[in-house]
Every structure is written in C-alpha cells, then in structure tokens.
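**Q** I have a structure I would like to understand better, so I am pasting it below and will then ask my questions one at a time.
The values are calculated or read from the model by the stated rules, or taken from the named source; none is laboratory data. No experiment lies behind these values; they were computed from the predicted model shown. Counting neighbours? That spans all protein chains shown, and the Cβs are built from the backbone with ideal geometry, glycine included. Each accessible area value is taken on the protein alone, full model and side chains, heavy atoms only, with ligands, DNA and RNA left out. Shrake-Rupley method; radii C 1.70, N 1.55, O 1.52, S 1.80 Å.
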Amino acid sequence: MTQLSRLLGVSLICLLTACGAEESLAPEALIITPQGPVQGVTTEDAGIYNFKGVPFAAPPVGDLRWAAPTSAPKWTNTRAADTFGNRCMQPTGSEGGFLTRMIEGHGLGAVKNFLIKRAVAAQKPAPMSEDCLYLNVRTGNLNGEAPQPVMVWIHGGGHQFGSADTNYYQSNGLAEKGVVLVTINYRLGVFGYMAHPALSASDPNGVSGNYGTLDQIAALEWVRDNISAYGGDPDNVTIFGESAGGWSVTEMMASPLAEGLFDKAIAQSGASTYHLGQMDGVGLGWPSGYATGRLVAGALGLSDPTAEDLRAVPAETMMAKLPPTAEEGFHHIRDGYVFPENVGLAFRDGTFASVPLMTGYNADEGSLFFSDDPQPSVWLSDLAPADRETLINKLSAAFPTQAGQIVDLYDLDTDFMTGGEAMMGDEIFGVNIRYIAEQNETAGSDTYVYHFSRVPPSDTQTLGAFHAAEIPFVFDSSEPILGLSEDDEALTEIMLTYWTNFARTGNPNDAKLPNWPIYKGENWMHLSGNTGRALAQAETDIRVVKLDALTEGLHVKLDTLAQTRAAESNALDTGIMTSPK
C-alpha cells in the first residue's frame with residue numbers, strides 16, 4: 001500500500017516562475033459581494049479578472065483545528081484580492097525526484113534540462129499555514145447580461161500535497177470559453193484527514209477525519225451563496241479535479257452533505273472507489289482512521305491525549321514528527337456521517353448522487369512512478385519479477401480467477417518492469433474510472449469517458465501520456481519550453497471546448513467537434529497528439545480485456561467489505577457490538 005502515497009502524493013506543479021502580464025488591482029473589478037466589497041486584479045486579457053485569496057471559511061486554527069469549517073468572515077472595507085492565500089500544511093522537499101523524471105522524460109536535451117532545473121530550484125516556496133481555507137475566482141463576466149456556468153477545480157496531490165495557486169491552474173483559457181473558474185484549497189494530510197477517538201469525543205457528530213472533504217463542501221456552499229456577485233450561475237456548477245481531485249469528485253458524489261451543491265462532475269485520472277478505510281476496524285488493507293491517529297499521537301509522545309492536547313501541538317512539530325507510514329491513513333474514511341459508506345460501496349449500491357459525468361485516464365499513468373515503487377497492484381505489496389507460476393500464485397490472492405490472464409496480458413513473467421508499469425496505470429486509474437462510469441450510467445445519468453494518449457513532441461521523450469499530462473490542455477496552460485507542437489495547440493482547443501461545453505450543458509459536443517458518444521458501456525473518446533493518430537476520435541472498448549481482468553480485484557474487495565459491513569450490522573442487531581463505526 002505504500003505505493004499509493006508515492007504514486008499520488010505529488011501533484012503536478014509549475015516548472016517555471018509565472019511569466020504572464022503584470023497584475024494590478026483593477027478599479028472596474030471592484031464588486032459588492034455577500035461578504036463585503038472585493039477588488040480583483042487584471043490578467044493578460046482585457047475584461048478577465050482574478051480574485052485571489054478569498055476566504056471561504058474561518059481559519060481552522062486553535063479550537064477549529066480538526067473541526068468542521070465554520071462560516072467565512074465578512075468585512076466592510078474593500079478587500080484587495082491580489083494575493084493567493086497560504087498553502088495548506090504539507091511536506092516540503094518531496095517533489096525533487098518527481099520533477100527530475102518529468103523534466104528529463106520530455107527529451108529536451110541536457111542544456112534545457114539544466115536550465116529548467118535551475119529555474120525550479122530558484123523558486124521561492126509559497127507560504128504554508130493552517131490558515132489556508134481560501135479560493136480564487138477567475139471571471140470574464142462581471143458585467144455580463146446572463147450568469148455563466150461555474151467550474152470548481154479540486155487540486156490533486158494524494159490529499160497530502162498541492163494548492164489552488166499552482167500556475168497550471170492560473171490561466172484564462174476556461175474563462176475565455178465563457179465559464180467562471182473557482183480553484184480551492186482544502187486541508188491536507190494530518191490536518192485534513194486524521195481521525196482519533198479524542199477528536200470524535202469533542203465533535204458534535206461524534207466523528208473525526210474527513211476534514212478536507214468538509215472543506216470542499218464548505219467551498220461549494222460558498223459558491224452557492226457568493227458566486228453570483230462574480231458573474232457565475234449558482235444553479236449550474238461543475239466540480240472537476242485530477243488525481244486526488246478526481247478522488248474528491250467521487251467523494252462529493254458519495255457524501256450526502258454535498259448533495260445539491262453541484263450539477264455535473266468531471267473526474268480526471270482518479271476515483272476513490274478503491275479507498276476502503278474505516279474510522280475504526282478493518283479496512284481490507286487500509287489502516288483505520290483511529291489506528292493512524294494513535295500512531296501520530298504516539299510519535300508526538302501522547303499516549304492517551306485529549307483533543308486539547310492534540311490541538312496544542314504546534315503545526316511545525318506535528319509535520320516534523322509524522323511517522324513515514326501515517327499518510328497511508330490520511331484519506332477518506334467511512335465515519336457514518338460525512339460518508340455513510342465508503343465511496344466504492346456507495347457506487348456499488350447506487351447510494352450516491354448521480355449527475356452527468358465525464359471521466360477518463362491517461363495511457364501511461366505509471367510512467368513517472370513505477371520505478372520508485374515497482375508494485376503493479378494496489379491490492380498486493382510483495383510482487384517481484386518471477387516465473388509465471390510464482391506470479392500467478394501471488395496474484396491469485398487478489399485476482400482469484402484472472403491471475404494467469406493478467407500475467408499474460410502484461411507479460412509480467414518476461415518483462416516485469418514494463419508490464420508492471422502498464423498494469424499500475426490500468427488498475428489504479430483505468431479500472432476505477434471505468435467503474436464509476438458504469439455505475440453512474442446505471443443510475444441514469446449521461447456519462448462520457450475519455451482516453452488521453454498525447455505524448456511530448458520530442459522524438460527522445462520517454463514519458464508517454466504520463467499522470468497529469470492532460471491538465472495544461474484542460475486549462476490552456478502548457479509550458480512552451482517543454483515542447484508545444486501544432487498537434488498540441490489544436491488538441492488544447494478541442495479539450496477546452498469539450499470541457500466547457502460539458503460544464504454548460506452536460507454534453508461535451510457541438511457542431512464543430514468530432515462527436516463524443518455517451519458511454520453506453522463501451523464508447524470512449526480517444527484524445528491524442530504527436531502520435532500520428534486523430535486528435536479526437538470515438539472508439540469502443542479501449543483496453544477492455546485488460547480492464548475486465550483487473551476489475552476482478554476491485555469487485556472482490558468491495559464484495560468482501562459489503563459482507564463485513566453486513567456482519568457488523570447483524571452483530572449490532574443482536575447487541576454484540578456497541579458502535580456502528
């Protein structure tokens with residue numbers, strides 16, 4: 001399970017310092033909002049403004065650490081929205097290997113690699129603080145006659161890293177297409193997802209953990225109550241995110257607390273259906289929230305702490321003393337309140353908010369990560385190069401009828417590293433995005449699925465269509481120094497239009513684009529570039545044999561969890577157990 005944090009624990013951050021036009025407070029971007037007067041800044045395009053660092057909840061400090069977010073502040077004097085809010089607390093210095101592989105994998109040559117790495121090293125880290133619940137609004141509709149659809153971006157980073165201020169998200173591309181873009185922060189890691197009995201005892205709902213999810217819900221409530229002042233339509237909201245942002249999209253769909261706060265959803269390279277952690281008790285390979293919380297408390301020298309004891313620990317001390325394995329438990333957990341069931345079971349049983357959905361994954365999701373932790377399956381931690389029979393025996397623990405098929409499909413017995421890398425991408429990403437697509441369609445909502453195979457334009461690139469590679473095509477924020485071809489520019493226009501059409505109507509199509517059919521159990525839109533393929537072409541059953549084989553592992557785990565939950569329920573009915581959590 002250690003590969004998960006490494007795999008998804010580093011969100012794609014900007015390689016170079018911002019190089020856009022000078023920003024300044026704009027007199028014409030002084031607006032009156034329910035919070036008070038706010039003044040945004042100019043951008044490189046006339047008529048489009050950015051409102052940075054707007055608080056959507058009270059700072060979660062002191063007694064509000066490890067508590068549900070509370071109401072956002074109000075003011076009477078004009079607030080200058082010209083500076084991004086603090087990043088939420090997160091580990092530092094963990095991006096180096098990821099960025100090095102990404103830079104070198106583009107095939108740019110030694111000189112460019114050197115210059116880019118120097119630019120990255122020269123960047124000043126953004127401030128971090130527990131006081132981090134801020135969002136940004138980019139809008140070109142302050143004086144529009146009609147409100148525009150709203151797209152709320154939830155950043156990735158494994159729920160451990162990342163921020164709304166990342167340069168790849170700070171582009172005017174979406175606003176130019178007629179949507180209001182909101183990018184949000186949310187609490188991460190130990191501050192966003194730790195559970196502990198003492199924290200539950202101090203909580204009015206008797207639960208703990210999932211604070212990052214509650215922050216995301218608070219941001220959506222802010223959108224509902226405030227976005228009209230920025231030219232957005234509170235009745236036409238699309239949530240979208242990549243990697244852990246994709247997890248978050250499915251978590252919003254599974255939490256009854258978020259119901260009615262969004263109308264459409266886009267999950268890019270991420271679905272939280274395989275996270276099976278419980279607040280307490282067995283999680284089928286995932287540590288429980290309480291077990292992780294006790295591990296953290298022990299590392300702090302607190303054997304039986306109260307909530308006050310935990311909240312008294314300085315944030316920097318907390319970060320410095322975190323056990324290396326703790327982040328495996330900093331994910332969504334079933335607590336009976338925010339999540340009555342784990343996301344996977346909610347989708348399995350149809351107890352989620354079904355809305356029009358767009359989802360997909362990239363062709364080479366594992367290319368940046370597999371060499372660091374060469375474990376092809378999320379369900380197993382001890383796979384290694386071996387003969388066919390040995391591999392089948394090990395894989396059978398997770399894939400009881402499909403182990404031999406999986407070994408053969410990925411040539412694991414002849415080239416474990418190449419096959420394992422491909423299997424990692426298909427299992428963690430492909431299986432889960434296809435699963436939510438199938439379940440959402442079964443629940444009655446239109447669903448669109450994509451496969452992204454664009455590769456960097458250099459003939460010597462080694463990344464393929466790597467994890468997060470689609471983000472700059474969604475935001476129109478590609479870095480030319482990494483290579484930007486005619487295919488790339490055309491693909492950007494195609495994807496921007498698909499994404500904003502979907503946000504507007506729930507259908508990505510228009511008369512100028514290749515038709516993207518509804519999924520119906522088989523239809524995909526294949527998005528590509530620099531490969532000789534069409535830039536956008538509908539195909540059926542992409543990687544269907546591989547995904548069918550790998551999906552057995554998810555089904556086995558969800559069925560086992562459902563049986564465990566049923567046994568717990570029966571025990572409660574007979575008085576053997578005392579708590580449903």
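**Q** For Gly260, indicate whether it is outside any helix (DSSP H, G or I), at pLDDT 95 or above and of a type outside the set (S, T, N, Q). Spell out the reasoning first.
**A** Details: outside any helix (DSSP H, G or I): yes; at pLDDT 95 or above: yes; of a type outside the set (S, T, N, Q): yes.
Yes: the conditions hold for Gly260.
**Q** Would you mind finding the one in Ala562, Ala465, Ala469, Ala538 that is of a type in the set (A, V, I, L, M, F, W, C) and surrounded by fewer than 16 Cβ atoms within 10 Å (Cβ to Cβ)? Lay out the reasoning, then the answer.
**A** Numbers: Ala562 fails: surrounded by fewer than 16 Cβ atoms within 10 Å (Cβ to Cβ); Ala465 fails: surrounded by fewer than 16 Cβ atoms within 10 Å (Cβ to Cβ); Ala469 fails: surrounded by fewer than 16 Cβ atoms within 10 Å (Cβ to Cβ).
Exactly one of Ala562, Ala465, Ala469, Ala538 is of a type in the set (A, V, I, L, M, F, W, C) and surrounded by fewer than 16 Cβ atoms within 10 Å (Cβ to Cβ), namely Ala538.
**Q** Residue check: is Ala384 open to solvent by less than 50 Å² (accessible area, probe 1.4 Å) and modelled with pLDDT of 95 or more?
**A** It is true that Ala384 is open to solvent by less than 50 Å² (accessible area, probe 1.4 Å) and modelled with pLDDT of 95 or more.
**Q** Among the listed residues Ala326, Ala307, Ala315, which satisfies the condition of being touching a residue at least 24 places away in the same chain (Cβ under 8 Å), open to solvent by less than 50 Å² (accessible area, probe 1.4 Å) and either out of contact with any helix residue (DSSP H, G or I) (no Cβ under 9 Å at 6 or more places or on another chain) or under 24 Å from Gly241 (Cβ atoms) (or both)?
**A** Among Ala326, Ala307, Ala315, only Ala326 is touching a residue at least 24 places away in the same chain (Cβ under 8 Å), open to solvent by less than 50 Å² (accessible area, probe 1.4 Å) and either out of contact with any helix residue (DSSP H, G or I) (no Cβ under 9 Å at 6 or more places or on another chain) or under 24 Å from Gly241 (Cβ atoms) (or both).
**Q** Could you say whether any residue in region 235-247 is surrounded by fewer than 24 Cβ atoms within 10 Å (Cβ to Cβ) and assigned to a loop (DSSP other than H, G, I, E, B)?
**A** No, every residue in region 235-247 fails to be surrounded by fewer than 24 Cβ atoms within 10 Å (Cβ to Cβ) and assigned to a loop (DSSP other than H, G, I, E, B).
**Q** How many residues are among the hydrophobic types (A, V, I, L, M, F, W, C), closer than 30 Å to Gln148 by Cβ and assigned to a loop (DSSP other than H, G, I, E, B) if we restrict to region 502-559? Working first, answer last.
**A** Of all residues in region 502-559, those among the hydrophobic types (A, V, I, L, M, F, W, C) come to 502-503, 511, 513, 516, 518, 524-525, 527, 534-536, 538, 542, 544-545, 547, 549-550, 554, 556, 558.
Applying the additional criterion that residues be closer than 30 Å to Gln148 by Cβ yields 502-503, 511, 513, 516, 518, 524-525, 527, 535-536, 538.
Next, only the ones that are assigned to a loop (DSSP other than H, G, I, E, B) stay: 511, 513, 516, 518, 535.
The qualifying residues number 5.
**Q** Now, a different point. Quick one: in region 383-399, of everything that is out of contact with any helix residue (DSSP H, G or I) (no Cβ under 7 Å at 6 or more places or on another chain) and not polar (S, T, N, Q), which residue is nearest to Leu561 (Cα to Cα)? Write out each step before concluding.
**A** As a first pass, look at region 383-399 and keep what is out of contact with any helix residue (DSSP H, G or I) (no Cβ under 7 Å at 6 or more places or on another chain): 384, 386-387, 389-390, 393-394, 397.
Cutting the leftovers down to not polar (S, T, N, Q) gives us 384, 386-387, 389, 394, 397.
Numbers: Ala384: 27, Ala386: 30, Asp387: 32, Glu389: 29, Lys394: 21, Ala397: 16 Å.
Out of the qualifying residues, it is Ala397.
**Q** Name the one entry in Leu64, Leu99, Leu115 that is open to solvent by 30 Å² or more (accessible area, probe 1.4 Å), at pLDDT below 95 and hydrophobic (A, V, I, L, M, F, W, C). Please lay out each step first, then the result.
**A** On the way: Leu64 fails: at pLDDT below 95; Leu99 fails: open to solvent by 30 Å² or more (accessible area, probe 1.4 Å).
On inspection, the qualifying residue turns out to be Leu115.
**Q** Moving on to the next point. Only residues that are of a type in the set (Gly, Ala, Ser), out of contact with any Leu (no Cβ under 7 Å at 6 or more places or on another chain) and closer than 19 Å to Leu558 by Cα: list them for region 375-389, please. Don't jump to the end; show me each part of the working.
**A** Restricting attention to region 375-389, the residues satisfying the condition of being of a type in the set (Gly, Ala, Ser) are 377, 381, 384, 386.
Imposing the further condition that a residue be out of contact with any Leu (no Cβ under 7 Å at 6 or more places or on another chain) reduces the set to 381, 384, 386.
Scanning region 375-389 gives a single hit, Ser381.
**Q** Moving on to the next point. For Val150, state whether it is open to solvent by 10 Å² or more (accessible area, probe 1.4 Å) and over 24 Å from His331 (Cβ atoms). Working first, answer last.
**A** Working: open to solvent by 10 Å² or more (accessible area, probe 1.4 Å): no; over 24 Å from His331 (Cβ atoms): yes.
The answer is no for Val150.
**Q** Looking at region 248-259, which of its residues are touching a helix residue (DSSP H, G or I) at 6+ places or on another chain (Cβ under 7 Å) and surrounded by 24 or more Cβ atoms within 10 Å (Cβ to Cβ)? Before you say what the answer is, go through the steps one by one.
**A** To start, the set of residues in region 248-259 that are touching a helix residue (DSSP H, G or I) at 6+ places or on another chain (Cβ under 7 Å) comprises 248, 250-252, 254-255, 257-258.
Hits for region 248-259 are Ser248, Thr250, Glu251, Met252, Ala254, Ser255.
**Q** While we're here: Enumerate the helices (runs of 4 or more DSSP H) found wholly within region 315-432, keeping only those where 1 or more residues are touching a His at 6+ places or on another chain (Cβ under 7 Å). Full working, then the answer.
**A** Working: elements: 315-320, 343-349, 388-395, 403-409, 416-425.
Helices (runs of 4 or more DSSP H) meeting the threshold: 343-349.
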